[in-house]
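Below you'll find the structure, written out as structure tokens, and then a few comments.
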Amino acid sequence: MKLPPPNSPLIKGSTSNSVPVSVAPSQLAESAAVLPPPSSADLPTELSPSNRCTVRCRRHKVMVVDLDIMRVLGKGCVGKVPMVKYQRPGGNRPSQVYAIRSIKKNYVLSHRELHHTLTEQSVQAF
């Protein structure tokens, strides 16, 4: 596949999603790599501990009423971080202790911090 020269008007104003005009659809099909589906031998037979937790945690949605606040670990102008105890449903598993950050909604909205807060949430979810 041949790309246009660097001084071409397409390259000057191009974005990462643009395709050069000189490339025909048949050339795109030829250059595309097709991978075979994974065989069952490539797939793990047992979940790792981190994957098991992810699968298990999605079965039950944790609500605020499921948490017992033990004490407050820290306070700030935006919110606080309490230490909470969570007893999983069923009662046969030991309770877990977590630190949960709570943020004041009116502070986030009035200071236009919504984008930053949502970015932090998505990063901490992994």
#### Entry: Distance violations [Cα-Cα > 19 Å] among LYS61/LYS105; LYS80/LYS104; LYS85/LYS105
LYS61/LYS105; LYS85/LYS105
### Query
Once amide H atoms are built 1.01 Å from N in the peptide plane, which residues 5 or more positions from LEU73, or in another chain, come under 5 Å H to H?
VAL81, MET83
### Task
Note down the nm distance, to one decimal, between modelled labels 7 Å out along Cα→Cβ at THR119 and at VAL64.
2.7 nm
### Query
If you place +1 on the Cβ of every Lys and Arg and -1 on the Cβ of every Asp and Glu, how big does the dipole about the Cα centre of the range 67-124 come out, in debye to the nearest 20?
160 debye
### Query
What ³J(HN,Hα) values, in whole Hz, does the Karplus curve 6.51 cos²θ - 1.76 cosθ + 1.60 give for the range 81-88 when θ = phi - 60°, with x put for Gly and Pro?
10, x, 8, 10, 10, 10, 9, 5
### Message
List the residues, sorted by chain then number, that are 5 or more residues from ARG88 or on another chain and whose placed amide H is less than 5 Å from its amide H.
### Response
GLN96
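Throughout, read-outs are computed from the coordinates displayed, never taken from laboratory work. Note that this is a predicted model, so its numbers are computed, not measured. With ideal geometry, Cβ positions are generated from the backbone for all residues, glycine too; neighbour counts draw on all protein chains shown.
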